[in-house]
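J.: Dumping the structure here so I can ask a few things about it.
Readers should treat all values here as calculations from the given coordinates under stated rules, not as data from a laboratory. Here the structure is a predicted model, which is why all the values come from computation and not from measurement. Cβ atoms come from the backbone with ideal geometry, glycine included; neighbour counts cover every protein chain shown.
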Amino acid sequence: MKMQLGMIGLGRMGANLVRRLIRGGHECVVYDVNPEAVKALAAEGATETRSLAEFAAALRPPRAAWIMVPAGLTGETVSALAEHFAPDDVIIDGGNSYYRDDILRAASLVERGIHYVDVGTSGGVFGLERGFCLMIGGEPGVVARLEPLFETIAPGVGTIPRTPGRTGEITQAEKGYLYCGPNGAGHFVKMVHNGIEYGMMAAFAEGFAVLDKANIGTTSAEHNAETAPLGNPEYYQYDLDTTAIAEVWRRGSVVSSWLLDLTAAALQEDPGLTEFSGRVSDSGEGRWTVLAAVEEGVPAHVLTASLYERFSSRGEGLFADKLLSAMRKQFGGHAEKPAG
Ligand SMILES: NC(=O)C1=CN([C@@H]2O[C@H](COP(=O)(O)OP(=O)(O)OC[C@H]3O[C@@H](n4cnc5c(N)ncnc54)[C@H](OP(=O)(O)O)[C@@H]3O)[C@@H](O)[C@H]2O)C=CC1
Ligand SMILES: O=C(CO)[C@H](O)[C@H](O)COP(=O)(O)O
């Protein structure tokens with residue numbers, strides 16, 4: 001069944017969601033604060049609108065609108081859109097919102113008869129071609145009404161072989177979208193997905209860093225023996241090609257994955273990573289995952305350590321590091337050595 005969907009926010013994610021829907025034969029009405037982004041998609045078949053009022057008027061009741069703006073702006077966008085919506089219309093939040101905000105938003109909208117659906121959306125800038133993995137929360141009947149849209153946005157069964165033991169009809173999950181539960185459940189699952197993402201990213205980053213230094217025994221003059229005493233230089237004589245290792249691991253290894261594919265691409269583009277300073281941002285999902293783990297009493301060592309690594313990368317550990325040096329000087333008279 002072909003449907004109509006409105007999209008607010010036509011950046012890296014929203015624009016490709018619209019393109020995928022248009023390719024799938026659906027009708028899209030689009031709005032963004034940037035008129036150029038709207039015009040670009042209008043040229044590809046979407047209906048252009050210049051205000052939220054115009055946007056709402058272009059949608060047929062019961063309306064369905066997907067918000068894909070920067071996460072910090074979602075709340076105000078939901079409220080502003082609701083002013084133009086009527087009972088039985090649906091507002092979908094596909095951004096990386098905190099699941100607790102979903103619960104509050106849904107409760108406030110339901111008083112006006114407006115439905116709210118939270119959709120954790122994964123796929124990044126590759127989603128147009130690969131499809132987007134969708135984790136959905138909301139009222140089951142409302143989510144079911146939107147299913148043709150989810151089916152088009154999601155990757156579909158594709159070339160992934162069926163998991164052994166699965167039989168019968170192909171399920172939603174096998175097509176790349178999943179109804180996870182009531183409001184907030186979709187973003188809860190996406191939150192943990194991103195927490196895992198931090199851990200997997202950190203594992204690759206640390207492993208490749210160890211490979212990168214496997215030659216320190218050959219460069220002892222440059223090696224800072226103070227920070228990393230090296231007793232056996234003969235064990236560190238390997239000039240390893242990290243770009244080639246990422247490439248070989250893509251083929252048949254236990255750690256092969258899309259994240260490794262992207263790691264290999266990054267190293268291929270710039271083996272010395274000269275474009276990057278190493279300040280790693282975080283948008284909140286890793287922190288919320290760790291908070292949930294604490295509140296559930298679930299040990300999440302790897303996810304927590306990988307979150308803290310991001311803080312360190314931005315110099316947030318500097319005070320603690322200075323205090324470590326200061327204490328060492330206090331008890332042992334050890335002067336801090338200049339950087340090697
Ligand atoms: N990028 C990614 O890999 C992923 C992102 N997400 C989530 O998806 C959401 C969107 O991300 P992304 O597409 O990367 O962000 P972008 O910044 O690329 O795009 C956001 C778009 O929304 C526009 N915009 C901002 N405020 C408003 C508003 N009030 N009304 C209408 N349009 C507005 C922006 O315009 P302008 O630029 O002119 O301000 C921009 O065109 C975020 O919540 C993000 O966390 C989820 C999964 C993956
Ligand atoms: O959801 C995503 C990927 O799955 C987004 O790219 C998100 O921004 C990644 O999280 P962070 O910004 O905290 O690294």
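J.: Of all the stretches in the chain, which is the longest one without any exposed loop site, taking chymotrypsin sites (Phe, Trp or Tyr not before Pro) in a DSSP loop (any state but H, G, I, E, B) with at most 13 other Cβ atoms within 10 Å?
T.: 1-237
J.: While we're on this one: Under 17 Å Cα-Cα from K2, which aspartates and glutamates qualify once same-chain neighbours fewer than 8 residues away are excluded?
T.: The reachable aspartates and glutamates, counting only those whose Cα sits under 17 Å from K2, are E27, E147, E151.
J.: Karplus couplings for the range 307-324 from phi (6.51 cos²θ - 1.76 cosθ + 1.60, θ = phi - 60°), rounded to Hz, Gly and Pro as x?
T.: Each residue of the range 307-324 in turn: 5, 5, 4, 5, 4, 4, 4, 9, x, 5, x, 4, 4, 4, 5, 5, 5, 4 Hz.
J.: Now, a different point. What FRET efficiency comes out for the pair Y235/L323, r = Cβ-Cβ distance, R0 = 25 Å, nearest 0.05?
T.: Computed FRET efficiency for Y235 and L323: 0.15.
J.: Let me know the longest stretch in the chain that avoids all GluC sites (Glu not before Pro) found in a DSSP loop with at most 12 other C-beta atoms within 10 Å.
T.: 1-82
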